[in-house]
Amino acid sequence: MTAGERTTAFPGATVFKGVTVVDGTGADRYRADVRIADGVITEIGAGLDGGTVVDADGLVLAPGFIDMHAHSDLALLLEPEHPAKVTQGVTCEVLGQDGLSYAPVDDTTLPALRRQLAGWNGDPAGFDWDWRDVGGYLDRIDRTRVAVNACYLVPHGSLRMLAMGWDNRPPTPAELDRMRQVLAQGLLHGAVGMSSGLSYTPGMYADTAELAALCTVVAAYGGFHAPHQRSYGKGALEGYAEMVEIARRSGCALHLTHATMNFGVNRGRAGEFLELVDQALADGVDLTLDSYPYLPGSTTLAALLPSWATEGGPGATLARLADPAACERIRYAMERTGSDGCHGVVADWATVQISGVRSADLAPTVGRTVADLAAERGTGGTEVFLDLLRRDELATTVLQHVGHEENVRAVMRHPAHTAGSDGLLVGARPHPRAWGTFPRYLGHYGRELGVLTLEQAITRMTGRPAARLGLDRRGRIAPGHHADLVLLDPERVRDTATFEQPRLPAEGIEYVYVNGTAVVRQGRTTGARPGRALRRTDRGTQAR
């Protein structure tokens with residue numbers, strides 16, 4: 001159904017009349033009237049009135065959804081109305097993921113990062129890069145006035161670039177001290193923790209001891225470690241075990257991002273991963289995880305390269321791609337031994353589909369698999385792979401069709417689970433999870449398949465991630481909590497974004513409020529931009 005509005009007394013307030021409340025705690029739903037005013041929930045009861053009354057019989061009121069793994073680091077600044085997320089009910093995102101983002105940087109690392117991350121975020125001409133540290137980036141979010149709230153993780157790979165470039169070696173004591181100091185500064189500026197990207201350069205060059213030393217700093221500031229661990233294919237369980245060991249050594253809370261078991265070697269093995277999670281929890285490790293409700297993954301084509309081929313940064317990588325001897329060595333890894341960038345498995349080019357390119361000349365490759373392109377050209381898949389990397393200067397993005405349905409369902413059922421889109425917002429045909437993750441949990445996996453109840457799904461999107469982030473009075477419907485809210489039709493809510501048309505908005509999301517202001521009203525975006533940077537302090541995570 002569609003909610004209707006009428007106006008009464010009490011200007012400035014809004015009342016949701018006769019709504020079904022799912023409060024984000026996991027408790028059973030209940031029927032009530034809910035009043036909000038001045039950006040907060042002021043009363044829950046019966047017979048309430050307000051300046052604007054939303055007749056919500058048959059609809060569900062939930063806390064705003066929290067995207068625990070977002071790649072909107074530039075998109076939020078370039079398109080601050082942020083329709084991809086607000087139309088699916090997201091009111092807060094966690095940025096700075098996978099160990100690579102744009103703060104902290106200096107004048108040397110920023111140009112290289114822009115080049116390395118062009119496939120994730122684009123590299124817009126004329127954009128004003130007017131920050132260098134975490135505090136400056138969060139200030140830019142506030143000055144821009146954005147539609148959703150945002151938290152930030154200090155990216156380990158960016159720290160490593162500042163301290164020691166792209167070198168494949170352990171840091172010296174002085175270099176490690178610098179990483180620790182810059183990390184502490186980012187946490188003081190309000191970051192909620194540290195991310196790492198251990199199958200991306202230069203983060204993949206870090207050993208366990210380096211990460212544990214940095215996580216000790218994160219723990220001292222009450223943050224958490226969010227690793228993209230070393231492998232989601234061959235060696236996945238060993239990679240997860242290493243992340244747990246780092247948490248044990250450092251005392252740092254652990255949040256396993258896009259936690260899954262992919263590629264043929266891991267079919268049906270989610271139970272082994274979850275046994276590891278359960279043992280860690282039983283031993284007292286503070287552990288949560290997130291996942292996306294789809295089978296394919298998404299990354300840059302360059303990420304599949306062996307780690308040695310990317311040492312030194314994008315310029316050095318492109319130089320190797322022009323060297324026949326280096327290309328032959330890459331071919332051997334991709335076809336015979338398995339590339340660590342490809343999660344330790346031999347590349348199956350039939351599963352690698354082009355989703356976006358920077359070069360207009362390569363636009364016809366979008367939507368095609370590398371295997372299709374190779375067959376058309378009468379050459380091998382690795383030749384196509386190398387050619388695309390050279391011609392697009394490493395900016396190509398891909399989908400990897402490597403997931404398993406039984407693993408996806410098993411992970412989302414786990415009580416430590418939260419929701420994250422891992423959605424890239426650039427490219428001609430990005431992964432539909434950027435527009436569809438949250439309604440897909442509610443519609444496909446909830447209502448249609450019964451994998452999660454409505455209460456379970458909403459808790460994974462709201463109360464549980466809010467607790468991990470230390471959010472102050474968010475993620476729950478209760479008096480005094482911030483009015484980050486979603487009003488949805490439980491019988492209609494569903495994702496409509498597809499792999500062919502990935503930018504279609506969800507259905508059944510009627511209203512979305514951020515800090516008490518409607519960013520979606522009667523299913524349409526309003527253009528309002530009430531979001532802000534949420535910064536961790538010793539009093540929790542809150543806006544300045």
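The values are calculated or read from the model by the stated rules, or taken from the named source; none is laboratory data. Here the structure is a predicted model, which means the values were calculated and not measured. A quick note on method: Cβ atoms are made from the backbone with ideal geometry, for glycine too, and the neighbour counts reach across all protein chains shown. These area figures cover heavy atoms from the full protein model, side chains too; ligands, DNA and RNA do not enter into them. Shrake-Rupley method; radii C 1.70, N 1.55, O 1.52, S 1.80 Å.
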Measuring from centroid to centroid over Cα atoms, what is the spacing of the stretch 305-368 and the stretch 393-458 in Å? 26 Å
Can you give the % of DSSP beta bridges in the chain that are antiparallel, to the nearest 5? 60 percent
Accessible surface, the stretch 421-544, averaged per residue in Å² (probe 1.4 Å): 36 Å²
If amide H atoms are built 1.01 Å from N in the plane of the peptide, which residues on other chains or at least 5 residues away come under 5 Å of the amide H of Val53? Arg6, Thr7, Thr8, Val15
Where the accessible area of the stretch 165-255 is counted over protein heavy atoms with a 1.4 Å probe, how much of it, in %, is carbon and sulfur? 53 percent
With a 10 Å radius around each residue's Cβ, average the other Cβ atoms per peptide and rank 104-116, 433-445, 367-379, highest first. 433-445, 104-116, 367-379
Under a 5 Å amide H to amide H cut-off, with H placed in plane at 1.01 Å, what residues pair with Arg368 once short-range neighbours are removed? Ile354
HN-Hα couplings for the stretch 307-313 via Karplus (6.51, -1.76, 1.60; θ = phi - 60°), in whole Hz with x for Gly/Pro, come out as 4, 4, 6, 10, 4, x, x
For the stretch 15-114, what is the charge dipole size about the Cα centre, in debye to the nearest 20, if Lys and Arg each add +1 at the Cβ and Asp and Glu each add -1 at the Cβ? 240 debye
If the chain between Ala325 and Ala478 were fully extended at 0.36 nm per residue, the gain over the current Cα-Cα distance would be 48.7 nm
Using a Förster distance of 41 Å, the FRET efficiency for Arg336-Leu78 (Cβ separation, nearest 0.05): 0.45
Ordered by packing density, taken as the mean number of other Cβ atoms within 10 Å over each peptide's residues, highest first, how do 178-184, 511-517 rank? 511-517, 178-184
The stretch 1-143 - share of DSSP beta bridges that are antiparallel (%, nearest 5): 65 percent
Between Val154 and residues 5 or more places away or on another chain, the pairs with built amide H atoms under 5 Å apart involve Val192, Gly193, Met194, Ser195
The stretch 232-271: Rg to Rh, with Rh as the Kirkwood radius over Cα pairs: 1.03
Approximate spin-label separation Glu238-Glu406, in nm, with each point projected 7 Å along Cα-to-Cβ: 2.4 nm
For mean projected area of the Cα convex hull in nm², the listed values are [x] 35.0; [y] 36.7; [z] 23.0; which was obtained by calculation from the structure presented? [z]
From Cα pairs below 8 angstrom and at least 6 apart in sequence, can you work out the relative contact order of the stretch 237-392, rounded to a whole percent? 16 percent
The ³J(HN,Hα) series, computed from each phi in the stretch 452-460 with the Karplus coefficients 6.51, -1.76 and 1.60 at θ = phi - 60°, rounded to the nearest Hz and given as x for glycine or proline, is 10, 6, 4, 5, 5, 4, 5, 4, 5
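Explain nothing, just the number: relative contact order of the stretch 77-203, from Cα pairs under 8 Å at least 6 residues apart, as a whole percent.
Once normalised by length, the contact order is 37 percent.
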Summarise the long-distance tail of P(r) for the stretch 175-252 by giving the % of C-alpha pairs beyond 22 Å. 18 percent
Work out, step by step, the length gained on full extension between Arg524 and Ala428: first 0.36 nm times the residue separation, then minus their alpha carbon distance; give nm to one decimal. 32.2 nm
For the chain, longest principal axis from Cα atoms; helix 270-282 axis from its Cα atoms; angle between them, nearest 10 degrees, is 70 degrees
Report in % the part of the accessible area of the stretch 18-147 that belongs to carbon and sulfur, leaving out ligands and nucleic acids; probe 1.4 Å. 45 percent
Can you compute the FRET efficiency between Asp387 and Asp286 using 1/(1 + (r/R0)^6), with r the Cβ-Cβ distance and R0 = 41 Å? Round to the nearest 0.05. 0.35
Asp106 and Arg503 label points (each 7 Å along its Cα→Cβ direction) are spaced in nm at 3.8 nm
The chain, relative contact order in percent, only Cα pairs under 8 angstrom and at least six apart counted: 21 percent
Per the rule of 0.36 nm per residue minus the C-alpha distance, extending Arg31 to Thr172 adds in nm 44.7 nm
